[in-house]
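What follows is a single structure, written as structure tokens, with notes after it.
The values are calculated or read from the model by the stated rules, or taken from the named source; none is laboratory data. The structure displayed is predicted, hence computed values, not measured ones. Here the Cβ positions follow ideal geometry from the backbone for every residue, glycine too, while neighbour counts run over all protein chains shown.
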């Protein structure tokens, strides 16, 4: 049996490059089309024949800014009932009477490379499944998503998506302009090689302990010293000191409004370059309790990139909210090390954060 010149396998078939694009095109031409595809790029609507669109069900991710809202508006105008949105969708599943493709490729230039090789930033792959029992299971998964988790698209959603899309395009231009070093992003770095850390700040008010400053720094607590302490990191002993000295740390300030729906979530991100001065009992709270600090490095140090850049800030919040990184929000008892138990978790966090940023910036 042949489908548009491609043999239909008895079992699943691995796809890459040209075969992947052709198989997706075959599925899009089939009847009973169902697509759960996170991000839709320019002219993606033109790939779906009008006859396939009549009874199609399409799910996209509008909220993240990775989907071109003009494409969705065209589909929505033709048949509002055929398309829904899902804010957490990241799957790329194409299904119809012609079979199914489960893949990494979005319906976009970056996913399929249909605007030329320069646009094909990613090496995509997938699997084709011919009609059969596996198709039924995929259809059940899609139907559950459509009925219980996806929601209708409204005019306000398209307007918000247009703004998010424009912001993302500015990020794209920044990420791809590697020669513009003044606009660096996390895409330019290997965060594990750089050894970055992140931790929260702002739960308690601490002030400088002048006596400790004089004792350890042999300097009066002037404005410069106050800055070094306020920009430092609270640590518990030599183990923390060995991990953090001379490193960049990304402070995230939580929302402290208990009446806010975003209470405890990141509100601001700020880089600080730590030095090698371990000042014991160098800050104090209203109750007289003291804490040790690794002080901020003196002098000017160019930060890796702007952490409040919209795509990075969004990626940071999304990744930090994942259950597997919940531990990074927990406050350790003061007598225990803050950073030693979090070394591997911190590494995994930065890997996931960079990956999520690139996903947001790519489409």
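If I go through segment 280-316 residue by residue, how many of them are surrounded by 15 or more Cβ atoms within 10 Å (Cβ to Cβ) and farther than 19 Å from residue 209 by Cα?
Number satisfying all stated conditions: 12.
Give me the pairs, please: first residue somewhere in segment 342-363 and part of a loop (DSSP other than H, G, I, E, B), second residue anywhere and crowded, with 22+ Cβ neighbours inside 10 Å, beta-carbon distance under 6 Å, and either six or more positions apart or on two chains.
Close Cβ pairs satisfying both conditions: 363/39; 363/66; 363/106; 363/108.
For every residue, the table says whether it meets (1) at pLDDT below 90; (2) in contact with a helix residue (DSSP H, G or I) (Cβ under 9 Å, 6 or more places away or on another chain).
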| residue | (1), (2) |
| --- | --- |
| 60 | no, yes |
| 65 | yes, yes |
| 84 | no, yes |
| 112 | yes, yes |
| 137 | no, no |
| 142 | no, no |
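Checking residue 129 against (1) within 18 Å of residue 359 (Cα to Cα); (2) over 24 Å from the mean Cα position of the chain (by Cα), only one condition comes out false. Which one?
(1)
So which helices (runs of 4 or more DSSP H) are wholly in segment 17-105 and hold at least 2 residues that are buried (at least 21 other Cβ atoms within 10 Å of the Cβ)?
Details: elements: 17-28, 50-53, 69-78.
Where helices (runs of 4 or more DSSP H) fall fully within segment 17-105 and carry at least 2 residues being buried (at least 21 other Cβ atoms within 10 Å of the Cβ), they are 17-28, 69-78.
May I ask you to say which residue of 272, 277, 319 is surrounded by 14 or more Cβ atoms within 10 Å (Cβ to Cβ), in a helix (DSSP H, G or I) and either in the same structural domain as residue 354 (by TED's automatic domain parsing) or in contact with a strand residue (DSSP E or B) (Cβ under 8 Å, 6 or more places away or on another chain) (or both)?
Details: 272 fails: in a helix (DSSP H, G or I); 277 fails: in a helix (DSSP H, G or I).
After ruling out the rest, the residue left standing is 319.
Give just the number: which of (1) assigned to a helix (DSSP H, G or I); (2) under 28 Å from residue 88 (Cα atoms); (3) at pLDDT 80 or above does residue 239 not satisfy?
(2)
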